[in-house]
Every structure is written in C-alpha cells, then in structure tokens.
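The values are calculated or read from the model by the stated rules, or taken from the named source; none is laboratory data. Treat the numbers as computed from the prediction; the structure is a model and nothing was measured. Ideal geometry is used to build each Cβ from the backbone, glycine not excepted, and the neighbour counts take in all protein chains shown.
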Amino acid sequence: MSKKNLLLGIVSSCLALAAPSVLTASAHGAPPANGQQAQDVCIDSLLRTIRAMPEGTYLDTTIPGLPHSGLSPGGGLALGTGSAFLLPHEYSVDYWLLGYPEGPQDAAYADVAAAWDGLGWPITDYPPDEVGSVRRAAELPDGYRLGAQLSIDGRHISLVCSSSRYPGWGPQPSPSPTHLDR
C-alpha cells in the first residue's frame, strides 16, 4: 500500500470517528450532523413559530409589491479560515414575516415573542441598533437561534434562523424554500 493511500485511509478513519453519523435523523436537542439536518431544523423551527401565530401568517423571501426586497435563500457558511472542507459550518436562512395588515407591525412583532414564549424558547430583546431597527432573539435548547428584526420604519419584520455548528463535510442543504405557509 502506498504512503498516500495509507494516509488517506487514516484521515478517513479519523474523520469517521470524530463526526456524528450523517445517517441519524436530526432531532431538536442534538447538534446537526450536516447541512441538510441544520436546514431541516431551521425550517421546522420557523414553521412552529408561524403556526403559533394568527391564521394567514406566512414567510417569504420577497415582500409582495417590493421586488427589491429579496432576502438570502439560506445556506451553509464556513466558520474560520483554512480549508472550507474541514471547517465547521453554520446554516442560516432569512424570511419576511407576512400576512398581517399593511402598516406598523407592532402587533406582529409582539406575536413573534408570544409564539416563542409559548414554545418555551427564552427571548432576549436588544436595544435599537445604530440605524434604529429593533430586534429580539430566541435560543432553542439545541443551540439554534431565531431572530426577529423590525425594520426602521416599523412596517416589515424579518425572521432568521441560524443553526449550531456542524462538520463541513457530509450532505449540504438543498435549496431553501422561498415561501413557508402555516
């Protein structure tokens, strides 16, 4: 056996022992084993949020009538520097919270907090940032984080989910849905 093949075998064995199994199903309470599991838990957490809110609430990456309002479709991001293959990754996805009457979204913003509180997720409210937008966050038991940000004019709310870290190898997330209904 060549030194190259031996080295590859040793590295592969070490990686297999160090990484959680990519064959196990993701469950709340466990860190994701790969990007697809991270995406699945984020989407599930966002759906649980809007299902705890009034009928008609939904999430979309674009605000109807505002074509330049598109948000990132979500994906995995390598954390740190060096080889992107071996670095830990974090999955993140953003949506607009929609389905409320146009105008100030104070009621919707309060409903987000009520939904998270009802789901038992601790909430942190942050002071307005340098441009005046307000945000709050919820920490899930498995290290996932949800965030809600009220726009400067108070007329739009974005919701984001970020996963805990997962190994950079293994199945990557499929394209995130652009629309989520209750």
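Remarks
- Some residue of region 66-78 being without any contact (Cβ under 8 Å) to a residue 24 or more places away in the chain, within 15 Å of ILE43 (Cα to Cα) and under 18 Å from the mean Cα position of the chain (by Cα): yes
- Single residue of region 37-62 satisfying the filter (surrounded by 21 or more Cβ atoms within 10 Å (Cβ to Cβ) and among the small types (Gly, Ala, Ser)) that is farthest from GLN172 (Cα to Cα): SER45
- Enumeration of residues in region 163-180 that are surrounded by fewer than 19 Cβ atoms within 10 Å (Cβ to Cβ), among the hydroxyl-bearing types (Ser, Thr, Tyr) and under 13 Å from ALA38 (Cα atoms): SER164, SER174
- For ALA78, the stated conditions hold: it is aliphatic (A, V, I, L, M), surrounded by fewer than 17 Cβ atoms within 10 Å (Cβ to Cβ) and either touching a strand residue (DSSP E or B) at 6+ places or on another chain (Cβ under 6 Å) or under 16 Å from ALA148 (Cα atoms) (or both).
This table checks each residue for (1) at pLDDT 95 or above; (2) assigned to a strand (DSSP E or B).
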position: PRO101; (1), (2): no, no
position: ALA107; (1), (2): yes, no
position: TRP116; (1), (2): yes, no
position: ASP129; (1), (2): no, no
position: ALA137; (1), (2): yes, yes
position: PRO141; (1), (2): no, no
position: ALA148; (1), (2): yes, yes
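- Of all residues in region 127-169, those satisfying the criterion of being under 12 Å from the mean Cα position of the chain (by Cα) and basic (Lys, Arg) are ARG145, ARG165.
- The set of residues in region 50-66 that are of a type outside the set (A, V, I, L, M), part of a loop (DSSP other than H, G, I, E, B) and in contact with a Gly (Cβ under 7 Å, 6 or more places away or on another chain) comprises GLY56, THR57, THR61, THR62.
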